[in-house]
Amino acid sequence: MMLEPVESLPPFRSGDVGIRIATEAWEVVAYRRLRRRVFCDEQRLFLGDDHDAIDARAMVLVAAGRIAGVLDDVIGGVRLWEDSPGSWWGGRLVVHAAHRGTAGIASRLVRLAVATACARGARSFRATVQTSNVALFERLGWSIVEHVAVRGAPHALMAAALARSGGAAS
């Protein structure tokens with residue numbers, strides 16, 4: 001029996017999505033494939049691929065749909081890395097178009113990224129955020145450090161309020 005591709009399935013309910021650190025190679029591959037779909041094909045921020053040197057050292061968090069309790073396909077993700085001792089960054093937050101706004105996937109990924117970095121000694125956590133997503137990050141307690149352009153597109157450099165970020169999302 002062949003499973004339908006994610007594009008043809010209805011959006012998952014919150015109980016059908018698992019958010020976690022990617023532990024399997026297929027999860028990282030699926031996250032990178034989703035990034036290419038969104039950042040290259042949909043938004044045209046990159047030509048062909050958005051892979052960079054950070055991918056080699058970044059930790060990947062994924063949102064994956066569950067079928068019968070088993071993770072099935074990646075529908076969202078984010079990467080995070082320590083730039084220098086205690087200074088953490090997040091980037092390439094992505095959610096499949098069919099699942100944006102459902103189950104709070106982006107919020108849950110961001111909260112887990114911050115909690116994961118804090119558990120590893122983060123004293124700061126920053127990200128460059130597309131301006132269309134600034135309100136989401138502000139609701140999560142982040143603040144704008146400065147407005148910047150990334151690949152010609154307007155972004156905001158934002159910092160998490162680490163004192164407000166408690167607990168991991170799941």
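The values are calculated or read from the model by the stated rules, or taken from the named source; none is laboratory data. Owing to the predicted nature of the structure, the values given are computational and were not obtained by experimental measurement. Note that each Cβ is placed from the backbone with ideal geometry, even for glycine, and that neighbours are counted across all protein chains shown.
Regarding THR128, is this residue of a type in the set (Ser, Thr, Tyr) and touching a Gly at 6+ places or on another chain (Cβ under 8 Å)? When the stated conditions are applied, THR128 passes them. Only one entry in SER170, SER165, SER132 is of a type in the set (S, T, N, Q), surrounded by 17 or more Cβ atoms within 10 Å (Cβ to Cβ) and at pLDDT below 95, namely SER165.
Entry remark, the range 18-67: residues being in contact with a helix residue (DSSP H, G or I) (Cβ under 8 Å, 6 or more places away or on another chain), under 23 Å from ALA103 (Cα atoms) and small (Gly, Ala, Ser) number 4 in total. Of the residues GLU146, GLU138, the single one that is assigned to a strand (DSSP E or B) and either under 23 Å from GLN43 (Cβ atoms) or of a type in the set (A, V, I, L, M, F, W, C) (or both) is GLU146.
Among the criteria (1) without any contact (Cβ under 8 Å) to a residue 12 or more places away in the chain; (2) assigned to a helix (DSSP H, G or I), the one ASP83 does not fulfil is (2). So which residues in the range 108-129 are surrounded by 15 or more Cβ atoms within 10 Å (Cβ to Cβ) and not aliphatic (A, V, I, L, M), if there are any at all? Passing the criteria: ARG108, ARG111, THR116, CYS118, PHE125, ARG126, THR128. Scanning the range 1-39 for residues that are modelled with pLDDT under 90, part of a helix (DSSP H, G or I), more than 22 Å from ARG111 (Cα to Cα) and not acidic (Asp, Glu) yields VAL6, SER8. All of ALA98, ALA117 fail the test of being within 26 Å of ASP16 (Cα to Cα), more than 14 Å from the chain's Cα centre (by Cα), part of a helix (DSSP H, G or I) and not hydroxyl-bearing (Ser, Thr, Tyr), apart from ALA98.
Suppose the filter is touching a helix residue (DSSP H, G or I) at 6+ places or on another chain (Cβ under 9 Å) and touching a residue at least 60 places away in the same chain (Cβ under 8 Å); does ARG108 pass it? When the stated conditions are applied, ARG108 passes them.
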